[in-house]
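Before any comments, here is the structure.
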Amino acid sequence: MSWGSELWDQFDNLEKHTQWGIEFVDRYSKFVKERSEIETSYAKQIRNLSKKYQPKKNSREEEENRYSSCRAFVSTLNELNDYAGQHEVISENLTANIVAELSRYLQELKSERKSHFHDGRKAQQQIESSWKTLEACKRKFERDCKEAERAQQHFEKMDADINVTKADVEKARQQAQGRHQMASDSKSEYSAYLQKFNQEQNDHYYSVIPNIFQKIQEMEERRIERVGDCMKTFADVDRQVLPIVGKCLDGMTKAAESIDAKTDSQLVVESYKSGFEPPGDVDFEDYGQAITRTVSETSLSNSRESKEKLGGKSKGKLWPFIKNKNKGSGPEDFSHLPPEQRRKKLQGKIDELNKDIQKEMDQRDALTKMKDVYVKNPAMGDPASVDPRLGELAQSIEKLQYEVQKFEGWLAEVEGRMPSKSDPQRRQSGLYQTTAQNNTPMGSNCAQDRESPDGSYTEEQSSETQVKAQAPSANPGPLPTSSTPEFDDEFDEEEALPTIGTCKALYAFEGHNEGTISVAEGELLFVIEEDKGDGWTRVRRNEDEEGYVPSSYVEVFLESNAKGAMTYI
């Protein structure tokens, strides 16, 4: 079915239809462009999300990455980043294969359409011009016929009139003949042009216009096919990345399946096991006899109960915050850690030092071989030039070996292979040896000193505490029951830390948990201890009110000469 034969008289409608076709292509191109922008934006948001939740390079994140669930999450984030990359590929392919191509094709389509309709208008103008010429010939022939008729009538009238001279009659006759000749010529011209017009009109409607409309039809069909190809490409662009997207999703599934709850549980045990024995049974105290009640050193709750009975200045030990504040700030021998954790730290340090020693020895062996080569072949180098570096390596190896011996000695103490001379447990056990004499074993006493009610671990070894622990030794008799609260009360006075700056509360904080303090928005407080990396800052409102607030809730202004504060809890 051809447009030239079926739509020969629909020139204007075809012009509107082809213009709509161009607008449709342009609209589809804009649709693909917006889809490409959405893919780009989506990929960017996915990348930002993956980057946001990537583990930071700090000790806490490194500790968390030991767990299979954390490693699986990191793998998921990496796969998600690759997944975002595939959406970027979709965007790039849509832009290159559809948007850019359609943009060029639209220019070509507009130019071709303009050319075809220009030819159509030109052919239409030509047929209209021929029609006007035919009409002019027809009117001229009609006019000449009327003039010839009038001239003939005038001649016949003159010829019948006897009063008219012969000359006038002859003149009228000649005029009538001239008019008849003009009418005959006009008739011939009209007849000839009519045949010409009919031929032109036939060519116009059966050849010229059909050819033009056929080209327009072919142009439209190519446009439709081009849009169809683009729509197919639109789907293929997505389909091409599906295998890689599937691999990303498979990677996420594999990461999830790699999670091992039992292994993670075992890691928790290895991370937090203290090595202490649970407290022993509480001794029976017979109040029926004249015996002064002593502190049961095997009970973790006695010290807390005595503090509650005191009701004075005792603020209680802020157990929830202790374990975080001890991290990374202990002595070289890790004596601030529980036995099991101390053993692991010491073993890790020994392994690290042994690796360093091996590296140094490898360098020493390499330099020794180089020196031997220089000795055998002096042309290659001076053997004496290697001696300074060999001396440095020897000193470094000797120093590292000394460090290994030192840490192995501490490790032996922890494992019980050597007598413990510097174990903090012995230093702290003095107080309870004097107060409780031989009522309870030292092991349980140590557990009470160094373990908090919630299982966290602290170390109490201030000089004033040791003095107070040794003071009652002059009197070997049992201490009164109130000795423990008095000791705790004095110990809490040690916690009065100096002010190192001020802070302003940015938000209100209720402070329901033990050890925290409630603040109002905009309130000014004194800072007595900086954030040690656990997200809490210790502040003081007055002499009797102090506690911890979230570091993100306050704006801190430290004094220029402040060096921070130590926590003696």
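The values are calculated or read from the model by the stated rules, or taken from the named source; none is laboratory data. As the structure is a prediction and not an experimental result, all values here were calculated from the model. In this analysis, Cβ positions are derived from the backbone assuming ideal geometry, glycine residues included, and neighbour counts consider all displayed protein chains. The protein model used for the area step is the full one, side chains on, heavy atoms only, and it has no ligands, DNA or RNA in it. Shrake-Rupley method; radii C 1.70, N 1.55, O 1.52, S 1.80 Å.
Working out 0.36 nm times the residue gap between GLU514 and GLU170, then minus their Cα-Cα distance, what length gain in nm do you get to one decimal?
109.4 nm
Could you give the nm distance between label points at ASP229 and ASP531, where each point is 7 Å from its Cα heading toward the beta carbon?
6.0 nm
Can you send over the carbon and sulfur percentage of the accessible area for the range 202-258, probe radius 1.4 Å, protein chains only?
With neighbouring chains kept in place, the figure for the range 202-258 is 54 percent.
Can you give the local net charge around THR40? Use residues other than it whose beta-carbon is closer than 12 angstrom to its beta-carbon, Lys and Arg +1, Asp and Glu -1.
Every neighbour counted, the sum reads -1.
Simple spin-label model, 7 Å along Cα-to-Cβ: THR253 to GLU156 in nm?
Placing both labels 7 Å beyond Cα along the Cβ direction yields 11.0 nm.
Mind giving me the FRET efficiency for ASP351 and PHE557? R0 is 56 Å, r the Cβ-Cβ distance, nearest 0.05 is fine.
0.80
At a 1.4 Å probe radius, carbon and sulfur cover how many percent of the accessible area of the range 23-110?
Of all accessible area on the range 23-110, carbon and sulfur atoms account for 51 percent.
Quote the accessible area belonging to TYR67 in square angstrom, nearest 10, computed with a 1.4 Å probe and with ligands, DNA and RNA left uncounted.
Surface accessible to solvent at TYR67 totals approximately 40 Å².
Provide the gained length on full extension for the span GLU92 to SER129, in nm with one decimal, where the gain is 0.36 nm per separating residue minus the Cα-Cα distance.
Additional length available on full extension: 7.9 nm.
Could you sort TYR42, TYR374, TYR402 by their accessible area in this structure, using a 1.4 Å probe and putting the largest first?
TYR402, TYR42, TYR374
Test of understanding: extend the Cα→C-beta vector of LYS262 to 7 Å, then name every residue of the range 63-79 with backbone N under 17 Å from that spot.
Only 68-69 pass the distance filter.
Which aspartates and glutamates does LYS215 reach when only Cα atoms under 19 Å apart count, and residues fewer than 8 places away in its own chain are ignored?
Cross-link targets: GLU6, ASP9, ASP12, GLU15, GLU108, GLU112, ASP119, ASP203, GLU225.
Ranked from the most accessible area to the least, with a 1.4 Å probe and all protein chains present, what is the order of HIS118, HIS87?
HIS118, HIS87
Just the number please: accessible area per residue for the range 210-262, 1.4 Å probe, all protein chains included, in Å².
That works out to 62 Å² for each residue.
Excluding ILE357 itself, calculate the net charge of residues whose Cβ lies under 12 Å from the Cβ of ILE357, where each Lys or Arg counts +1 and each Asp or Glu counts -1.
Neighbour charge sum, excluding ILE357 itself: -3.
Please compute the net charge surrounding TYR374, taking Lys and Arg as +1 and Asp and Glu as -1 over other residues with Cβ under 11 Å from its Cβ.
0
Please work out how many pairs of lysine residues in the range 125-203 are eight or more positions apart (or on different chains) and have Cα atoms closer than 21 angstrom.
Lysine pairs meeting both conditions in the range 125-203 amount to 14.
Beyond a 22 Å Cα-Cα separation, which of these cross-linked pairs lie in this structure: LYS349/LYS371; LYS57/LYS359; LYS30/LYS51; LYS273/LYS345?
Listed pairs above 22 Å: LYS349/LYS371; LYS57/LYS359; LYS30/LYS51.
So between ILE38 and SER69, what do we pick up on full extension, going 0.36 nm a residue minus the alpha carbon distance?
7.9 nm
Roughly how many Å² of MET361 are accessible to a 1.4 Å probe, to the nearest 10?
Around 60 Å² of this residue is reachable by solvent.
Mind giving me the FRET efficiency for ASN163 and GLU15? R0 is 60 Å, r the Cβ-Cβ distance, nearest 0.05 is fine.
E(calc), rounded to 0.05, equals 0.30.
Dipole magnitude of the range 1-131 about its Cα centre, charges +1 at Lys/Arg Cβ and -1 at Asp/Glu Cβ only, in debye to the nearest 20?
In debye, rounded to 20, the range 1-131 gives about 700.
For the range 118-207, what is the accessible area per residue in Å², given a 1.4 Å probe and the full set of protein chains?
73 Å²
Could you order TYR28, TYR507, TYR272 so the one with the most accessible surface comes first? Probe is 1.4 Å.
The residues order as TYR272, TYR507, TYR28, largest area first.
Provide the solvent-accessible area of ARG179, counting protein heavy atoms only and rolling a 1.4 Å probe, rounded to the nearest 10 Å².
Using a 1.4 Å probe on the heavy atoms, I get roughly 90 Å².
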